[in-house]
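First comes the structure, then the notes that go with it.
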Amino acid sequence: MRVAAVDLGKVRVGLAVSDDLGVLAHPRAALAGGNRKKLLGELTLLARDEKIHRFLVGLPLDRQGGEGREALRARKFAQLLADATGREVELVDERLSTVQATRRLAEGGVSAKRRRPLVDSASAAVLLQAWLDLGRQEAPS
């Protein structure tokens, strides 16, 4: 079962997809976040073409675990994504994923200038890999 993770941003939307075995997360090119209808169309095509069974959407929580305006935006988007694709959509806590992704890119020698367009998808990959590592994927029926 293949899974895709989405790190929702207003300008860029990070994207990562699992391998066929559901073991490794692979970052993909970020998508434009400004046009919701176009974004949903691109994700619908991804779901069809790459046989994605489930999407994870990052849920931005504050340090105490509370939800603000951005969390509500993510919840609404998750519902729109489920409606558009017909796939399961799960919200996952994204606290510290961007920090972790930025750190990994820096450790990999990626300059600060080159990091900016990569960090969204790297963050989505961090979310997806953590989810995969927890074994939250259901066995295919």
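Scoring 3-16, 49-62, 24-37 by mean Cβ neighbours within 10 Å over their residues and listing the highest first yields 3-16, 49-62, 24-37. For segment 5-54, the solvent-accessible area of protein heavy atoms averages 54 Å² per residue (probe radius 1.4 Å; ligands and nucleic acids excluded). Between the amide H of residue 28 and those of 15, 16, 17, distances stay under 5 Å, these residues lying 5 or more places away or on another chain, with hydrogens modeled in the peptide plane. From Cα pairs below 8 angstrom and at least 6 apart in sequence, can you work out the relative contact order of segment 1-109, rounded to a whole percent? In percent, rounded to a whole number, it is 24. Ignoring aspartates and glutamates fewer than eight residues from residue 10 along the same chain, the ones with Cα atoms less than 17 angstrom from its Cα are 42, 70, 94, 120.
The values are calculated or read from the model by the stated rules, or taken from the named source; none is laboratory data. As the structure is a computational prediction, the values presented were derived from the model and not from experiment. Methodologically, a virtual Cβ is constructed for each residue, glycine included, from the backbone with ideal geometry; neighbour enumeration extends over all protein chains shown. Side chains included, ligands, DNA and RNA excluded: accessible areas come from the protein's heavy atoms. Shrake-Rupley method; radii C 1.70, N 1.55, O 1.52, S 1.80 Å.
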